Amino acid sequence: MSTIDVTRAAKSTAIAPSGREVIYRTAGRGHGEVFRLMSPSDLGEQLKPFVFLDSFGGVMSEFASAGGMHPHSGIGTVTVFTRGDVHFDDPEAGSGYIGYGGVEWMRAGGGVWHGKELSSGKSERIHGFQLWLSLPAELELAPVDSQYVEASDMHQVGPAHVIVGTHGGVTSPVRAPAGINYLLVTLAPGQRWDYAPPTGHTVSWLALSKGSLVGPASASTGELLIFSEEDGVIALQSGPDGATFVLGSAIPSPHDLHLGYYSVHATAEGLATGERNIQVLKDQLFSLGDRQRASGSTPIYRG
C-alpha cells in the first residue's frame, strides 16, 4: 500500500510555523446518510491504529430492524453519537442511554458476535460515528470487553469530550489501548480551538458531523481531513453555524494489517485464530434458534 498521495490533497498553507497542515481530504463514499470515510484497505493503512470510520445517520428504528448479529475479532469498536441518543441493554453491563458525549466501546479481541445491544432511544433520528481501532499484538486475541458510558460519566475539557485517551489532564474511563486519543468536539460559531497532540502522536485526523470549519483547516459537513505528521498544534476555527466533529490522534501502529471480512489483526496467526473462533461462536449462536437470536436475549455473544 502506497503512502497518501499529497498531490491529491487540497491546497493548504501552514497554520503556524509549528502547526500541522491538511494534506488530504475526502467526503468518503456511500448514500443517504451513511458514508464510509476510512477502510482498512485504504486510508486505514496510513492512519493505523485508526482503520475504519463510518458516518451514519437516520431513524434509529430502521437501523435496528436492518441490522443483525455479526462478528468481529482483532479490533476495538468505538461508537459515539453527535445527534440524538440510543438505548443500550446488555445483561453484563446493564441498561441506559448513550447520547452526545457518551460512548459504546467493545474490544472484540479473540472473537465476538454482536448487533442487538443498541436500540431506539428517546430521539427518533440520530447521527454518529463508528470507529475501529486495530489492537496491538498483545491484545488482538484478548477476552471480549464491553463498556457503555453515559455522557454524565465522561470527562470534558473545554469543548472536547475525551472519548478515548488523555487530554487536558483528564483520562477517559474507556478501557482502550494506550497511545490513542479520540475526542468529540463542538465549537460555537466562530470559536477558535487548538489541539496539541501528545508527543509521538504523529497520526491525526478529524471528521466533521455538522457545521463548518474555516481557515487553513477548512471543512464542510461530511468531510474527513488528514493532517501532516510534523509536531505542532492543530488550529481550528468554526464557521458561522459552529462545528461538531470527532478528532483522532495516535502513535502509529507498528504492525502490518492482516484483514478478514469482519476482522483486522496485528499478525497472520492472530487473524487465523480470530476467524476460527468466530466460526465456533457462530455454530454455538445459531444453535440457539431464530427466536432467541431475534429477541435480543444474546445482544453480545461471547460464547
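I'm trying to understand the selection: among the residues of the stretch 100-126, which are under 15 Å from the mean Cα position of the chain (by Cα) and open to solvent by less than 30 Å² (accessible area, probe 1.4 Å)?
Of all residues in the stretch 100-126, those under 15 Å from the mean Cα position of the chain (by Cα) come to 100-108.
Residues satisfying the conditions are 101, 102, 103, 104, 105, 106, 108.
Modelled with pLDDT of 95 or more, under 30 Å from residue 74 (Cα atoms), of a type in the set (Val, Ile, Thr) and buried (at least 20 other Cβ atoms within 10 Å of the Cβ): does that describe residue 170?
On the way: modelled with pLDDT of 95 or more: yes; under 30 Å from residue 74 (Cα atoms): yes; of a type in the set (Val, Ile, Thr): yes; buried (at least 20 other Cβ atoms within 10 Å of the Cβ): no.
Spelling it out, it is not the case that residue 170 is modelled with pLDDT of 95 or more, under 30 Å from residue 74 (Cα atoms), of a type in the set (Val, Ile, Thr) and buried (at least 20 other Cβ atoms within 10 Å of the Cβ).
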### Query
Out of curiosity, is residue 119 part of a loop (DSSP other than H, G, I, E, B) and closer than 30 Å to residue 211 by Cα?
no
### Summary
When (1) among the β-branched types (Val, Ile, Thr); (2) closer than 23 Å to residue 192 by Cα; (3) buried (at least 18 other Cβ atoms within 10 Å of the Cβ) are applied to residue 157, the one that fails is (3)
### Message
Within the stretch 196-300, considering only strands (runs of 3 or more DSSP E) that don't extend past its boundaries, which have at least 2 residues that are modelled with pLDDT under 95?
### Response
none
### Query
Looking only at the stretch 178-209, which residues are within 19 Å of residue 46 (Cβ to Cβ), out of contact with any Lys or Arg (no Cβ under 9 Å at 6 or more places or on another chain) and touching a residue at least 60 places away in the same chain (Cβ under 8 Å)?
179, 180, 181, 182, 205, 207
### Verdict on residue 68 being assigned to a loop (DSSP other than H, G, I, E, B) and crowded, with 23+ Cβ neighbours inside 10 Å
no
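Among residues belonging to the stretch 226-244 that are within 14 Å of residue 202 (Cα to Cα) and open to solvent by less than 30 Å² (accessible area, probe 1.4 Å), point out the one that is nearest to the chain's Cα centre (by Cα).
Going residue by residue through the stretch 226-244, those that are within 14 Å of residue 202 (Cα to Cα) are 226-234.
Right, trim to open to solvent by less than 30 Å² (accessible area, probe 1.4 Å) and you get 226-228, 232, 234.
On the way: 226: 15, 227: 17, 228: 20, 232: 23, 234: 19 Å.
Top of the filtered list is 226.
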### Message
Return the pair list, or none, for Cβ contacts closer than 8 Å from residues in the stretch 127-150 that are of a type in the set (S, T, N, Q) to residues that are assigned to a loop (DSSP other than H, G, I, E, B) and open to solvent by 40 Å² or more (accessible area, probe 1.4 Å), at least 6 apart or on different chains.
### Response
134/255; 146/92; 146/93; 147/93; 147/173; 147/175
### Summary
Exactly one of 134, 123, 95 is more than 30 Å from residue 279 (Cα to Cα) and among the polar types (S, T, N, Q), and that one is 123
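So, in the stretch 174-196, how many residues would count as being under 14 Å from residue 157 (Cα atoms) and open to solvent by 20 Å² or more (accessible area, probe 1.4 Å)?
Kept after step one, since they are under 14 Å from residue 157 (Cα atoms), are these residues of the stretch 174-196: 181-187, 193-196.
Narrowing the set further to residues that are open to solvent by 20 Å² or more (accessible area, probe 1.4 Å) leaves 186, 193-194, 196.
Total satisfying the criteria: 4.
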### Query
Restricted to the stretch 133-143, and to residues that are out of contact with any helix residue (DSSP H, G or I) (no Cβ under 8 Å at 6 or more places or on another chain) and among the hydrophobic types (A, V, I, L, M, F, W, C), which residue is most open to solvent (accessible area, probe 1.4 Å)?
139
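The values are calculated or read from the model by the stated rules, or taken from the named source; none is laboratory data. It should be emphasised that the depicted structure is a prediction, and the values quoted were computed from it without experimental measurement. Glycine gets a Cβ as well: all are built from the backbone with ideal geometry, and neighbour counts include every protein chain shown. For the accessible areas, the whole protein counts, side chains as well, though only heavy atoms, and no ligand, DNA or RNA atoms are used. Shrake-Rupley method; radii C 1.70, N 1.55, O 1.52, S 1.80 Å.
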